[in-house]
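Readers should treat all values here as calculations from the given coordinates under stated rules, not as data from a laboratory. The structure displayed is predicted, hence computed values, not measured ones. No Cβ is skipped: glycine too gets one built from the backbone with ideal geometry, and neighbour counts run over all protein chains shown.
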Amino acid sequence: MDNLQEDVLLSCRELTLGYENHAVAQNISFDVVRGDYLCIVGENGSGKSTLVKTLLGLQPLLGGTISRSPALKRSPIGYLPQQTPVQRDFPATVEEIVLSGFLAKAGLRPFYTKKERALAAEKMERLGVTPFRKRCYRELSGGQQQRVLLARALCATDTMLLLDEPVAGLDPKVTQEMYELIEGLNQEDGITILMVSHDIAAVLGYATHILHVMHGSCFFGTTEEYQTSEAGKLFAGGGIHAA
């Protein structure tokens, strides 16, 4: 199913997600159009993490179809994962971390090209991390580390970013700065955003579309449609713990 309508980057139909034939989420259907800012929400154990892994090709589908546009095949999804304590303590320079975003494209090539190094420098400048590009990554603050990882993800794609709880553990000021940065990438740079989040204020304030993953079903629609839906009323009203 690769014959997508113009500007549709990703089309998912009747997905069944899970592990070793054990389904954790079913009946998930949604489209992602170029320029969208899609937020993925849902309660604990609803299948958000499994969906992320499936979209990245790290987890096989149990059922349904995922169709990707030629643009997304040429420039795969750039991924910003949740960090573990071990990852936060990684002993590499900022520049090395950002350049590693090209590893998937490099294949067996044991070096980065001049073009890749120039693009990495451009992404570091865009994300405001150039002043500490030679510093060790583990010496940075949480907010600085997230900017570095975002620059790394942008080296992998110019089409779509998948962000998994990108502000987890950040203080309010840095959180707001990160949201504004992501919005800029969407509005100014034309990057399509998929963001897993439990921050309802950010979801309603930034997203153009919302995918609410629930056990056995899902809601998908615009932010305005979501706010009047039963799922949206429950989520926004604090009836769901969606961390």
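Excluding residue 40 itself, calculate the net charge of residues whose Cβ lies under 13 Å from the Cβ of residue 40, where each Lys or Arg counts +1 and each Asp or Glu counts -1. Show your work: numbers first, answer last.
Numbers: positive: 48, 53; negative: 36, 43, 164, 165, 199.
The answer is -3.
Excluding residue 97 itself, calculate the net charge of residues whose Cβ lies under 13 Å from the Cβ of residue 97, where each Lys or Arg counts +1 and each Asp or Glu counts -1.
On the way: positive: 88, 123, 133, 134, 135, 138, 147, 152; negative: 89, 95, 96, 139.
Here the charged neighbours net out to +4.
Could you list which residues have their amide H under 5 Å from that of residue 214, counting only those 5 or more apart in sequence or on another chain, with H placed in the peptide plane?
Correct list: 219.
Could you state the angle between the C-alpha long axis of helix 114-126 and the longest principal axis of the C-alpha atoms of the chain, as a value from 0 to 90 degrees rounded to the nearest 10?
70
Could you give the size of the charge dipole of the chain about its Cα centre, using +1 on the Cβ of each K and R and -1 on the Cβ of each D and E, expressed in debye and rounded to the nearest 20?
Working: 23 positive and 28 negative charges, 219 e Å.
Here the size comes out at about 1060 debye.
Report, in debye and to the nearest 20, how large the dipole of region 82-156 comes out about its Cα centre when Lys and Arg carry +1 and Asp and Glu carry -1 on their Cβ.
Numbers: 14 positive and 7 negative charges, 38 e Å.
Taking the Cα centre of region 82-156 as origin, the dipole is about 180 debye.
Suppose every K and R has +1 on its Cβ and every D and E has -1 on its Cβ; what is the size of the dipole of region 1-96 about the Cα centre, in Debye to the nearest 20? Walk me through the intermediate numbers first.
Numbers: 8 positive and 11 negative charges, 22 e Å.
My answer is approximately 100 debye.
Which residue, chosen from 212, 175, 129, occupies the Cα position most advanced towards the positive end of the dipole of the chain, where the dipole is computed from +1 (Lys, Arg) and -1 (Asp, Glu) charges on Cβ about the Cα centre?
Working it through, the farthest residue towards the positive pole turns out to be 129.
Compute the angle between helix 172-187 and the longest alpha-carbon principal axis of the chain, please, reported from 0 to 90 degrees and rounded to the nearest 10.
That helix lies at roughly 80 degrees to the long axis.
For the chain, what is the calculated [θ] at 222 nm in deg cm²/dmol (nearest 500), taking -39500 (n - 2.57) for each run of four or more DSSP H residues and dividing by its residue count?
Values: 11 runs with 90 residues, N = 243.
Taken over the chain, the calculation gives -10000 deg cm²/dmol.
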